[in-house]
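Worksheet for the structure shown next.
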Amino acid sequence: MKPWDVAVVGEIFADHVFTGFPRWPRPGEEVVAEGYVRELGGGSVNTACGLARLGRRVRLVGLIGDADFDWFEHRLSEFGVGVGGIRLEADGTGITVSVSMRDDRTFFTYPGANRGLPELLTVPAVIADLAAARHVHFAMPLSRELAAAILPVLRAAGCTTSIDVGHTPSWLQDFDNVATCREVDLFLPNAAEATLVCGDASAEAYIAWAAGHGLARTVLKRGAQGALCVADGTLNSVPPPPVDAVDTTGAGDAFNAGLIDAWLDGEPLGLALERACICGALCSTAPGALAALPHSPQLRTLRERTYRS
Ligand SMILES: Nc1ncnc2c1ncn2[C@@H]1O[C@H](COP(=O)(O)OP(=O)(O)OP(=O)(O)O)[C@@H](O)[C@H]1O
Ligand SMILES: [Mg+2]
């Protein structure tokens, strides 16, 4: 038996979130925020925490600055995420500063230690860390070169795989990466990302694109509309449960966690979408990506209420 259910690898950030500015400053001016929180961030952290909250044995693989290790270890241990796959860099943790105004949000990002990720993924010990899990989730725009080297090794080690590259137009519009979409078990774009891939904003066009390019199954995240999938020739469309969404940051990452959790149970993809949509929807009911991730009893209860009544 493998020691981990899931290894999640990708960019890791320290998020600094400022809220309550009276207005955007003019160049050279200072404005004072009413609120500030710092939290771990990045799709890899969000999905790892979502899976651990659901009871999965999860290891996070990525790079942070040594000065932040105690903070990360403490916060990740609150979710039960294993930190044995994290490596330290002198460069400093990647940072995102998020500035929220009344109806808009602006981000400033410093990649920091994340710049070492491609090189990290050439280290045999790191590949072995990934291969020790039943499923490997890439929360990053994995280059074609690395994918071609790593995916066959993981498959040979009995791992299944998924990838969420986030909003990375260069990756999504590069035809070479279609092979990666085909080689993973689950390619997980949202609507905007699927549009970049297939050049058309309709779900039908993306479904046709995926079928035409030989993807074994299609999954499409659709925000407040829920999600759809095509597997074994069957189309399933699933709405999210009704929630009061206050902040959808990380909803897609929480969705990934729910989907992978169901995948590991061998649940058919159409049903797996229910778990995924509940996780995404609940995530959006509190500020930030980590505050409202569900545990299994919550998920089960809401699932029975939403989809079985
Ligand atoms: N406003 C909402 N109300 C209810 N559920 C939502 C809402 N927004 C997102 N969700 C749920 O979360 C899932 C993923 O959301 P979305 O399609 O926005 O992913 P995403 O754009 O990748 O998100 P992220 O901002 O994390 O990258 C949806 O399929 C849906 O189930
Ligand atoms: Mg996303």
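Annotations
- The number of residues in segment 26-62 that are outside any loop (DSSP other than H, G, I, E, B) and surrounded by fewer than 23 Cβ atoms within 10 Å (Cβ to Cβ) comes to 5.
- Picking from residues in segment 231-276 that are over 23 Å from residue 136 (Cβ atoms) and within 16 Å of ligand 2 (Cβ to nearest atom), the one that is surrounded by the most Cβ atoms within 10 Å (Cβ to Cβ) is 240.
- Of all the residues in segment 209-223, those that are open to solvent by 40 Å² or more (accessible area, probe 1.4 Å) and either within 25 Å of residue 278 (Cβ to Cβ) or within 14 Å of ligand 1 (Cβ to nearest atom) (or both) number 4.
- Some residue of segment 21-34 being within 16 Å of ligand 1 (Cβ to nearest atom), out of contact with any Ser or Thr (no Cβ under 6 Å at 6 or more places or on another chain) and not β-branched (Val, Ile, Thr): no
- Verdict on residue 226 being surrounded by 17 or more Cβ atoms within 10 Å (Cβ to Cβ) and on the phi > 0 side of the Ramachandran plot: yes
- Yes/no for residue 238 being closer than 23 Å to residue 264 by Cβ, within 16 Å of ligand 1 (Cβ to nearest atom) and either among the hydroxyl-bearing types (Ser, Thr, Tyr) or touching a helix residue (DSSP H, G or I) at 6+ places or on another chain (Cβ under 6 Å) (or both): yes
- Segment 241-278: number of residues that are near ligand 1 (Cβ under 8 Å from one of its atoms) and of a type in the set (Val, Ile, Thr): 4
- Top-ranked residue of segment 1-25 - restricted to ones that are part of a loop (DSSP other than H, G, I, E, B) and at pLDDT below 95, ranked as nearest to residue 84 (Cα to Cα): 1
- Meets criteria (touching a Gly at 6+ places or on another chain (Cβ under 9 Å) and open to solvent by less than 20 Å² (accessible area, probe 1.4 Å)) for residue 7: yes
- Counting only strands (runs of 3 or more DSSP E) that sit completely within segment 206-309, those holding 3 or more residues that are closer than 27 Å to residue 58 by Cα correspond to 218-221, 227-231.
- Candidates in segment 154-208 are the residues that are among the acidic types (Asp, Glu) and away from ligand 2 (no atom under 16 Å from the Cβ); of these, the one that is most open to solvent (accessible area, probe 1.4 Å) is 204.
- Residues located in segment 277-294, provided they are farther than 17 Å from residue 45 by Cα and within 15 Å of ligand 2 (Cβ to nearest atom): 277, 281
- Residues satisfying the stated conditions in segment 65-105, i.e. open to solvent by less than 50 Å² (accessible area, probe 1.4 Å), among the aliphatic types (A, V, I, L, M) and in a strand (DSSP E or B): 81, 83, 86, 97, 99
The values are calculated or read from the model by the stated rules, or taken from the named source; none is laboratory data. Quantities reported herein were computed from a predicted structural model and do not represent experimental measurements. So basically every Cβ, Gly included, is an ideal-geometry build from the backbone, and we count neighbours across all protein chains shown. We work out accessible area using only protein heavy atoms, side chains counted, and drop any ligands, DNA or RNA first. Shrake-Rupley method; radii C 1.70, N 1.55, O 1.52, S 1.80 Å.
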